[in-house]
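Right, one structure below, let's go through it.
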Amino acid sequence: MNNWSLIIFTLCTQCAIGLSWIGLIGRFLGLDNHILIYQWSLAVALLVIMAAILSVFGHLQNPFHAPLALKNLKTSWLSREVTMLILFTGLILILLFISWFDLGVYILAVVLEIAACFAGGLVLLTMTKIYLLKTVPAWNHLGTPLEFAGSALLLGGAFELVICAAFWEDYQEVKSSFGVGGLAFLIGTGMKLLAIRPALTIFSEIEKHTWYKIPDLRNLYSTVLIIRLAGLFLSIILFITAWNYAGKVSILLLFISLFVITTGEIIGRWYFYRSYIKIGV
Amino acid sequence: MLKQPAFFLDTQLCIGCKTCMIACKDKNDLPLGVRWRRVIEFSGGDWFCLPDGTYRQNVFTYYLSVSCGHCQKPICVESCPSGAMNQDELGIVSVNKQMCLGCRMCEWSCPYSAPQYNEITSLMTKCDFCRDQLIEDNVPACVAACPTRALTFGDYDDLVSRFGNCSRQAPLPDPEMTMPRLIFTSHRDSKAMQVKEGFIVNPEEVRDE
């Protein structure tokens, strides 16, 4: 099965959710002092979500049937995910519109911001539930939600740092936003590290329930893990280094960090789909 | 027509000839790689040399012809986002091609690998109990083809009351997951689900592509 469209879809969606959380929550806490960071966070989140939606048409065999995916909200987590994604995208679009044209509807904006944060959380929840299948033990463990939430914060944080660095030279007060992005980055890293143990212990579970020779994924997982940890470590070094600079050097270091993180995430997500081994017959 | 049709397999009679598999493919014109019915060959055991130089063995093999269970808790219907997977009043689960998105969610969910992806049409397909045959009081193609009469069908409750149900045997998945209407008798060498003894000899014929 060609899973590249799903890899792009899940990563882009999680990145958009993380980016919007950081932009919205940072603003709530009064840490995000500059409106441009908020606007650009939402704008990039929207662009990334559009990329996600376009990629999913590569997964669907008949894109014109896509609206049918909303028909089974009663029992299908996939239906619920699609619904929440549409809601989340709509809320981000409205918030961006309100902010960009400075419509002055502050109370409405606050309500919509809270709703968007919840919608993003629900997208993550429904996306996770899709993969928590009893028939696929490699996915059905605590590591999956940790991975997904970790990706949201890691990728969202990395993007946020680049956005902050782009405005840093002109607006010194965005340094606090840099801190919010960095914090999200570090929390995302922590979640990724916590996801390692459940992923390692699941191999014996898979072997217990399969009745034919399955590929030994332990070596592949170890290789992927080493690459990703090296990438994370390098990114943290680049992030700390970028903190001490301003202007173009900072932007360059953070772009490299973003590239390294994104590559690590793509490799990790490729492994996730590669580990699809169904139990039963 | 039956109230709740179910497949019944007498594992003592099944010789693993796969005529049922071929009959299904022929009747439904299934392309390469799509198998609505699969015959699992489950084998195990070994030969042992005893201290006195003689040999003993506990080698075993039995066959399980498995198709869609048209389950009482059909997980494919629950997980299908478009409602293409549906269960009718008889309990037969089928896929509506006009509504199928080809997302393969049902394939991921089903422990019996009943929904099968057709690469040519890019849609999901599955056993529909030869509903067109049942309506005309005929039998499903697989049942008609079985040379040993190991495979048959009937009303689920009636079959269970007459034969019991030994679907809790290796290598079948736990029937509690989806409560399939698949009834198997016990083979003399049948192994319990929890006992990790034996292996599927023909995984290429059984697993998802």
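Since every read-out is calculated from the coordinates, none of them should be taken as a lab result. Only a predicted model underlies this, so the values are computations on that prediction, with no experimental measurement involved. Reconstructed Cβ throughout: ideal geometry from the backbone, glycine too, with neighbour counts over all protein chains shown.
Under the criterion of Cα pairs below 8 Å and six or more residues apart, the relative contact order for chain B equals 32 percent. The gain in end-to-end length when the A:THR241 to A:PHE64 segment is fully stretched comes to 58.9 nm, 0.36 nm per residue minus the alpha carbon separation. Each residue, A:TYR212 and B:ASP29, gets one label point 7 Å from its Cα in the Cβ direction; the gap between the two is 2.8 nm. With N the number of residues in the stretch A:197-281, Rg(Cα) / (2.2 N^0.38 Å) evaluates to 1.50. Between B:LYS97 and B:ASP157, full extension at 0.36 nm per residue minus the direct alpha carbon distance yields a gain of 18.6 nm. For A:SER5, put the label point 7 Å out on the Cα→Cβ axis and report which residues of the stretch B:103-143 keep their amide N under 19 Å from it. Counting backbone N atoms under 19 Å from the label point, the list is B:103-109, B:116-125. The simple Förster model, with R0 at 56 Å and r as the Cβ-Cβ distance, assigns B:LYS3 and A:LEU252 a FRET efficiency of 0.20.
To the nearest ten degrees, helix A:175-194 and the longest principal axis of the Cα atoms of chain A are 10 degrees apart. The ellipsoid that matches the Cα gyration tensor of the stretch A:96-158 has semi-axes, each √(5λ) in whole angstrom, of 34, 13, 7, with the longest given first. Counting only DSSP H runs of at least 4 residues, each contributing -39500 (n - 2.57), and dividing by the residue count of chain A, the helix-based mean residue ellipticity at 222 nm comes to -26500 deg cm²/dmol. Peptide A:68-75 shows a mean partner chain C-beta count of 6 within 10 Å per residue C-beta. Counting only Cα atoms, the protein assembly as shown measures 84, 63, 35 Å along its principal axes, largest extent leading. Compared with the dominant principal axis of the Cα atoms in chain A, helix A:248-274 is inclined by about 20°. Once every Cα of the stretch A:140-271 carries one equal point scatterer and solvent is ignored, give the base-10 log of I(q)/I(0) from the Debye formula at q = 0.17, 0.19 Å⁻¹, two decimals. Debye output, listed in q order: -0.84, -0.98. The ratio of the alpha-carbon radius of gyration of chain B to the globular-protein estimate 2.2 N^0.38 Å is 1.07. Using the Cβ-Cβ distance between A:THR201 and B:ARG56 with R0 set to 30 Å, the FRET efficiency from 1/(1 + (r/R0)^6) comes to roughly 0.20.
Under the simplified labelling scheme, the B:ILE120-A:LYS129 pair shows an inter-label distance of 3.8 nm, with each label point 7 Å from Cα along Cα→Cβ. Across the stretch B:122-209, Cα-Cα pairs farther apart than 23 Å form 36% of the total. Taken over the stretch A:43-113, the alpha-carbon convex hull comes to 102 cubic angstrom per residue.
With the simple spin-label model, which puts each label point 7 Å out from Cα in the Cβ direction, the A:ILE227 to A:LYS74 separation comes to 4.4 nm.
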